[in-house]
Structure formats: structure tokens, C-alpha cells
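Enquirer: First the structure, then my questions, so here it is.
The values are calculated or read from the model by the stated rules, or taken from the named source; none is laboratory data. Source: prediction; values computed, not measured. Cβ atoms come from the backbone with ideal geometry, glycine included; neighbour counts cover every protein chain shown.
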Ligand code: TMP
């Protein structure tokens, strides 16, 4: 399958049309951004790592019954995906308080939450992706049916159950993550975008070391080594 026209360019990926109207090719870029693009750098090999990691996680989730846009991984930096209409809601699922949650509500960093928290953010860079509730989602007409919001929460929680236990077996704590969904041709909701250390937080269970994009956000260095470590764990080095 060949890339045709550039359909969309985001901060970490480019999306291309293909000869098949129902399929797109995602190209994973080496760019790293934080704080809505204010901080920017490139890390050679990061795109390929996220492509591999996302591939493995999409396959795992599909095998457990989560519908995803994943089709194939033709090479290092590209993923063939089903075309979806992206829902402009970033679904964030949290097990441990950190990042914007700790900052916004004053919950001490590292506090285990009493239950899994699911939050919605409006995917609008020009507004800085503000947190929104169900009613905001409906006012903004972000989903086709009101019940879709419950479905997004259900899928977010189910993905969390699967990934949390998968990573726990690999000695990693899944702290939180962000997922995006879209409607396919038939109107089904599919997990889309990517699942990688750009969009998840992983803390090593023994050392507490951060193995995700917080290394870049916080200027800790060792970004690529951390992403390589996540891939290594995924590929089978169970702890
Ligand atoms: P936050 O604590 O900054 O709100 O981030 C929560 C989770 O969502 C974390 O795993 C990082 C991820 N995330 C993204 O993937 N994209 C974003 O734009 C933001 C702000 C967070």
C-alpha cells in the first residue's frame, strides 16, 4: 500500500491517504513536544519505537476484544490503519495522581487513587485541550449519540484493566494514559491514534524510575533509552 496525499499533520504523526478509501497510513515522527508544542525536540528513532510499541499494544487489545483502527505495520515508521472520523475528546484514564491532576487539585504526586478516574479533555490545541464534562461534550456536539460518552468511559476503563495487568507483569506501573477514539464507516467506535510512552506514564515498580515522555517534559534526559526499555519489557522480559 502506497502513501498518497498528506491528509493531516499532527505533532507526532502524519496521516496519508492510500488507494483504498477506507485505509490510511500513519507515519510516526521523531518529534517530541510538550506543553502544547511550546517545548520541541527530535529524538532519532523515537517514531520507530512508538510504532513498534503501539503495534504490540493494539494487537494485545484487539486480542482482548477492544476494537481498534490497527491493520498492519508495513515498516519501521508506518502503520496501516482504518480511516475513522476522530472524536475530539481525549480520554484520560488515571490510576495514580500526577501531572495535571496533582497540579489542578493539589493531590500529592504519586498518590494511588481510590478508584480508576476517567476524564475528558477537549482536543483543541488552540484552547490548550481544556478538561470538559459530559454536558460540555453534548453542547459541543462531540459524539453522535449521548450513550457514546458512557461507551468511551467503558472502553477507557477496559483498556486500563488490560494494560495495567499486562504492564504489572513486566514490572511497570501504568500510572495514567490518554486514548483517542473515532467512528468508522459503519459508525462503530474504534480505538485510534497511538498508545506509546508519549501518551502513557510508566513508572518502574522497583525503582520508581519514569519510563515515558515525562523524561522529556521534565528535562530528565534518557528519553530514547526509556522508550527502548518499555519496548523490551513489552516484548517479553517479564519481571
Ligand atoms: P496530564 O497529567 O498532563 O493531564 O496527562 C495525563 C496523561 O495523558 C499522561 O499519560 C500523558 C497523556 N497526555 C497526552 O497523551 N497528550 C497530552 O496532550 C496530554 C496533556 C497528556
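Enquirer: Filter region 178-225 for residues that are assigned to a strand (DSSP E or B), within 12 Å of the ligand (Cβ to nearest atom) and surrounded by fewer than 24 Cβ atoms within 10 Å (Cβ to Cβ) and give the result.
Expert: Across region 178-225, the qualifying residues are 178, 180, 201, 203, 210.
Enquirer: Considering only region 55-99, state which residues are in contact (Cβ under 8 Å) with a residue 60 or more places away in the chain, out of contact with any helix residue (DSSP H, G or I) (no Cβ under 7 Å at 6 or more places or on another chain), within 24 Å of residue 137 (Cα to Cα) and within 16 Å of the ligand (Cβ to nearest atom).
Expert: 86, 87, 90, 92, 99
Enquirer: Which members of region 190-239 meet the condition of being in contact with a strand residue (DSSP E or B) (Cβ under 9 Å, 6 or more places away or on another chain) and modelled with pLDDT under 95?
Expert: 239
Enquirer: Let me ask another. Can you find, within region 126-156, the residue that is nearest to the chain's Cα centre (by Cα) among those that are under 25 Å from residue 35 (Cβ atoms) and either assigned to a loop (DSSP other than H, G, I, E, B) or at pLDDT below 95 (or both)?
Expert: Step by step, filter region 126-156, then rank; the result is 129.
Enquirer: Right, here's the next one. Could you check region 100-130 and list, in sequence order, the residues that are closer than 19 Å to residue 155 by Cβ and within 12 Å of the ligand (Cβ to nearest atom)?
Expert: Scanning region 100-130 gives 117, 118, 119, 120, 121, 122, 123.
Enquirer: Within region 100-110, take every residue that is surrounded by 11 or more Cβ atoms within 10 Å (Cβ to Cβ) and touching a helix residue (DSSP H, G or I) at 6+ places or on another chain (Cβ under 8 Å) and give me the one that is farthest from residue 202 (Cα to Cα).
Expert: Here the residue is 107.
Enquirer: Then there is this: In region 14-31, what residues are surrounded by fewer than 21 Cβ atoms within 10 Å (Cβ to Cβ) and either over 17 Å from the mean Cα position of the chain (by Cα) or closer than 19 Å to residue 197 by Cβ (or both)?
Expert: Result: 16, 17, 18, 19, 20, 21, 22, 23, 27, 29, 30, 31.
Enquirer: Same structure, new question: How do the pairs read when you match residues in region 152-178 that are within 14 Å of residue 116 (Cβ to Cβ) with residues anywhere that are in a helix (DSSP H, G or I) and within 12 Å of the ligand (Cβ to nearest atom), using Cβ under 8 Å and keeping only pairs 6 or more apart or on different chains?
Expert: Listed pairs, sorted by first residue: 174/160; 174/163; 176/99; 176/101; 177/160; 177/163.
Enquirer: Anything in region 149-166 that is within 13 Å of the ligand (Cβ to nearest atom), more than 17 Å from residue 84 (Cβ to Cβ) and in contact with a helix residue (DSSP H, G or I) (Cβ under 9 Å, 6 or more places away or on another chain)? List them, or say none.
Expert: Scanning region 149-166 gives a single hit, 163.
Enquirer: Take residue 53 and decide whether it is modelled with pLDDT of 95 or more, within 20 Å of residue 11 (Cβ to Cβ) and out of contact with any strand residue (DSSP E or B) (no Cβ under 8 Å at 6 or more places or on another chain).
Expert: So residue 53 passes the test.
Enquirer: Restricting attention to region 133-147, which residues are in contact with a helix residue (DSSP H, G or I) (Cβ under 9 Å, 6 or more places away or on another chain) and in contact (Cβ under 8 Å) with a residue 40 or more places away in the chain?
Expert: Residues satisfying the conditions are 137, 142, 143.
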